[in-house]
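Asker: Below is one structure. I have some questions about it.
Nothing in this text is a laboratory measurement; each read-out follows from the coordinates by a stated rule. No experiment lies behind these values; they were computed from the predicted model shown. FYI the Cβ positions are ideal-geometry reconstructions off the backbone, even for glycines, and counts take in every protein chain you see.
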Amino acid sequence: MLQYHSQPRDNSRSKTATHLMCILWLLLLCSACKTSQCGECGNTDVLNDKEKEIIGTPAMDADNSEERIAILKGSDSPLTIDIVIWNIAAIDDPVIVRDDKLNQMLTNLNAAYAPLNIQFRLLDSRIYTDYFTFEDLAEDNYEKYYYNIIQHNTANTIDIYLVDHNKDLCFVTENARGCTKGKGFTSTGGWTSSIVIAKDDVTDMKVPIHEFGHFFNLEHTFKDYNASVDAANCEILGDSVCDTPADPGDGFGAMVNYTDCEMHGVYDINGQEYKPMINNYMAYFGACFMKPYEFTDGQISRMKTFIYSEKRYSYLKMQDEL
Ligand SMILES: [Zn+2]
């Protein structure tokens, strides 16, 4: 079912696609970051503004959408959302993510999103021969992503673009050394139907699920991290989900005991100690040794509301429609 092939959309792409096919026959998946060091992903209002500019706001289908949504909500069996994978691959050094890794990602996604009564189906794995790295797509407020990629998205399907990184992400100076590496991006609660994930992170237990969380309208738990510990005004501060504890962000990661999965010694302006949910999919902390990643009930509820909204309900298919 997973086939490596290209889908040429014009003659020039067709030519390069043919070239790439030959090689493959022989050789046989961030935002202006909220922090100065972009830990995991990019997502920003810039994305939503741009997609609105480019795509516009589609009208609701003329069909009986309310009736359709009611039927979907009443489904006893899981609803299916289709995924198409696009490996963005360089002609001279093509990196294609193996099927077993893609299947591992699907297994992880299906486990994490089972509470939404949805499952994902991998329709196809393809090669995209207009080559861009993660950094290419993210620069200049995602200009290339918007002007070179999303026009090719598939209706009512999630297109996942898997990308390589530039090779110069690490630096060593006299006084400092380090690396800056994004892992994925999409728009939060937008119209765009695609997600970008670094090939390195396809099998990561968090990254793809985190990006899908944005896709289904979740914000980072540390958004507006001045949210006070006492959860006052939790509907509008932080991630706007009231059962996610206030999170000061991964800049305070040094204060986390990853065995207890607990932060110690960080206080808000009122002197109350922060106790963020370290193992939340939408936080930026590392993995806890003893606790798997989780969503809160409030996050699941927010996503459930969103998948039945005008932006996403047309992605949902019932068993007899597959
Ligand atoms: Zn994110």
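Asker: Which three extents, in angstrom, do the Cα atoms of region 186-233 have along their principal axes, listed largest first?
Answerer: 39, 25, 12
Asker: Enumerate the whole-percent occupancy of each 10 Å bin, from 0 to the last occupied one, for all C-alpha pair distances of region 121-224.
Answerer: Going out from 0 Å in 10 Å bins, region 121-224 shows 13, 44, 32, 9, 2, 0 percent.
Asker: Among Asp92, Asp200, which comes first, second and so on when ranked by fewest other beta-carbon atoms within 10 Å?
Answerer: Ordered by Cβ neighbours within 10 Å, fewest first: Asp92, Asp200.
Asker: Moving on. Using only the alpha carbons of region 167-320, determine the length spanned along each of the three principal axes and report them from longest to shortest in whole angstroms.
Answerer: 58, 44, 27
Asker: For region 55-166, build the convex hull from the C-alpha positions and give me its volume per residue in Å³.
Answerer: Convex hull of Cα atoms, per residue: 135 Å³.
Asker: If you don't mind, there's one more thing I want to ask. Just want the ordering: Ile269, Ile127, from fewest to most Cβ atoms lying within 10 Å of their own Cβ.
Answerer: Arranged by neighbour count, lowest to highest, Ile269, Ile127 become Ile269, Ile127.
Asker: For a quick size check, give me the Cα extents of region 237-322 along its three principal axes, largest first, whole Å.
Answerer: 53, 29, 18
Asker: If R₀ is 25 angstrom, what is the calculated FRET efficiency for the pair Cys179 and His152, using the beta carbon separation as r and rounding to 0.05?
Answerer: Efficiency for this residue pair is about 0.25.
Asker: What is the order of Arg126, Arg68, fewest Cβ neighbours within 10 Å to most?
Answerer: Taking fewest neighbouring Cβ atoms as first place, the list is Arg68, Arg126.
Asker: Next question. If the chain between Ile236 and Arg121 were fully stretched, how many nm would it gain, using 0.36 nm times the residue separation less the Cα-Cα distance?
Answerer: Full extension from Ile236 to Arg121 adds 38.0 nm.
Asker: Out of all DSSP beta bridges in region 107-235, what portion is antiparallel? Express it as a percent rounded to 5.
Answerer: Given both bridge residues lie in region 107-235, the antiparallel proportion sits at roughly 50 percent.
Asker: Which lysines, on any chain, are close to Lys101 with Cα under 17 Å apart, when same-chain ones fewer than 8 places away are left out?
Answerer: Lys183, Lys199, Lys206
Asker: I'd like the Karplus ³J(HN,Hα) series for region 155-165: coefficients 6.51, -1.76, 1.60, θ = phi - 60°, whole numbers in Hz, and an x wherever there's a Gly or Pro.
Answerer: Ordered by residue, 3J(HN,Hα) equals 4, 6, 9, 8, 8, 9, 9, 9, 10, 7, 10 Hz.
Asker: If the reach is capped at under 20 angstrom between alpha carbons, list the lysines near Lys50, excluding any in the same chain fewer than eight residues apart.
Answerer: Within the straight-line cut-off, Lys50 pairs with Lys34, Lys144, Lys311.
Asker: Applying the Karplus parametrisation 6.51 cos²θ - 1.76 cosθ + 1.60 with θ = phi - 60° to the phi angles of region 172-179, what ³J(HN,Hα) value in whole Hz is obtained for each residue in order, glycine and proline being reported as x?
Answerer: 9, 10, 4, 10, 8, 9, x, 9
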